[in-house]
Amino acid sequence: MATTATITLASADIAGDPVNVSKTATCTKAGTTTDLDQTIGLNRVHLRSTTNKTLLAANAEGNDLAAKVYIVNKATDPSLYVTITINAQTVGKLYAGDWMFIPWSQTDTSASIEVAATNWSSSTGDVPIEYALFHEDTDYLTNA
Amino acid sequence: MATTTANISLSSDISDSTISVANESTLYTAGTTTGLNTMTSVTKVLASTNNVDLITTGSVSTTHAYVYINNPSTDHTEYFHIHIGNNVGSGTYDDGTLPTEEIGRLYGGDWMFIPWDVDDDITIKPSVSTDMTVEYQVFS
């Protein structure tokens with residue numbers, strides 16, 4: 001029951017020598033080598049809100065437990081971006097084609113991950129994003 | 001301009017139907033198709049459990065960057081708290097009084113990759129005071 005995430009960063013010309021970094025992480029429960037065993041699966045939503053909307057609601061029980069979040073902006077217009085925020089703290093902007101992968105500490109119930117299609121307008125079209133959450137927490141669905 | 005790509009391959013057999021995701025992103029300056037041209041690559045050894053700056057806004061001259069952070073340890077019990085927000089010298093960590101938000105805990109073997117809007121520093125707090133190594137790259 002393994003979940004693995006591999007990143008490869010490559011560039012032939014950003015430095016004098018080629019850059020090629022590759023790393024695979026096996027996603028495990030906090031502080032152990034036991035595989036994560038729960039997921040919400042891969043989801044797709046279309047954003048048309050310039051204000052923050054909750055993508056993943058933090059669960060206080062999640063504090064001290066492991067969770068991994070993947071988000072990708074599937075827009076094709078390079079100017080369209082999604083602002084990623086955790087507890088009102090902006091992390092960054094995912095432009096078209098960009099993705100992110102983070103460990104997520106649900107340090108309190110304010111630590112929800114929010115998204116906003118900040119420069120969306122009725123003429124730009126929706127901003128599709130896909131996301132997945134892999135986590136532990138046996139009572140995830142029963143502790144609202 | 002340089003061409004830099006970031007690929008992710010995700011695979012999970014947690015559910016009955018395997019989840020398999022692969023995406024490649026070419027790293028551009030904000031809102032363009034112009035490649036980024038600056039890279040910083042650092043390895044640090046941290047020997048205290050203080051919350052300290054890892055990547056400061058002053059180290060990057062743009063307002064849009066990408067950050068890769070890796071915990072190369074093989075010890076799964078040791079981790080880094082990765083925060084975003086400006087580091088301060090007082091307050092109790094995680095008590096809500098510090099102007100930082102914990103993104104997550106990077107356990108041994110874990111990595112993370114984020115877009116960074118360079119508004120606030122990225123800070124780090126090791127879980128133990130024995131030497132812990134962190135690696136990071138910033139593309140901007």
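The values are calculated or read from the model by the stated rules, or taken from the named source; none is laboratory data. Everything quoted here is computed from the prediction, not taken from an experiment. Heads up, the Cβs are rebuilt from the backbone with ideal geometry, glycines too, and the neighbour counts pull from every protein chain shown. Only protein heavy atoms, including side chains, enter the accessible area calculation; ligands, DNA and RNA are left aside. Shrake-Rupley method; radii C 1.70, N 1.55, O 1.52, S 1.80 Å.
Table for the structure above
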{"read-out": "For residue A:56, distant residues with modelled amide H under 5 Å away", "value": "A:113"}
{"read-out": "Unit charges at the beta carbon, dipole of the protein assembly as shown: most positive-side option, B:139, A:7, B:113", "value": "B:139"}
{"read-out": "Extension gain, residue B:77 back to residue B:24 (0.36 nm per residue minus Cα-Cα distance, nm)", "value": "16.0 nm"}
{"read-out": "Restraint check, A:68/A:93; A:29/A:93; A:23/A:68; A:93/B:125; A:29/A:53; A:23/A:93, Cα-Cα greater than 20 Å", "value": "A:29/A:93; A:93/B:125; A:29/A:53; A:23/A:93"}
{"read-out": "Coarse-grained scattering of chain A at q = 0.17, 0.19, 0.21 Å⁻¹, given as base-10 log I(q)/I(0) from a Debye sum over alpha-carbon atoms", "value": "-1.02, -1.16, -1.27"}
{"read-out": "Dimensionless Rg over Rh [chain B; C-alpha; Kirkwood]", "value": "1.00"}
{"read-out": "Per-pair calculated FRET efficiency, R0 = 35 Å: residue B:1 and residue A:50 via Cβ, rounded to 0.05", "value": "0.75"}
{"read-out": "Principal axes of segment B:12-53: Cα extent on each, largest first, Å", "value": "43, 36, 16"}
{"read-out": "Long-range amide H partners of residue A:136 with built H, under 5 Å", "value": "A:66"}
{"read-out": "Solvent-accessible area buried by B and A, counting both chains, probe 1.4 angstrom, square angstrom", "value": "4900"}
{"read-out": "Label-to-label distance, nm, for residues given as residue A:1 and residue A:124 (7 Å Cα→Cβ offset)", "value": "4.0"}
{"read-out": "Cα gyration tensor shape of the protein assembly as shown, rounded if a/c is under 1.5, else prolate or oblate by comparing a/b with b/c", "value": "rounded"}
{"read-out": "Per residue solvent-accessible surface (Å²) - the protein assembly as shown, probe of 1.4 Å", "value": "41"}
{"read-out": "Cα-centre dipole for the protein assembly as shown with unit charges at Cβ (Lys and Arg positive, Asp and Glu negative), debye to 20", "value": "620"}
{"read-out": "Interchain or long-range residues, amide H under 5 Å from residue B:103's placed H", "value": "B:82, B:83, B:84"}
{"read-out": "Positive dipole terminus of chain B, leading residue within B:72, B:100, B:4 (C-beta point charges)", "value": "B:4"}
{"read-out": "Residue among A:28, A:83, B:47 farthest towards the positive dipole end of the protein assembly as shown, charges placed on Cβ", "value": "A:83"}
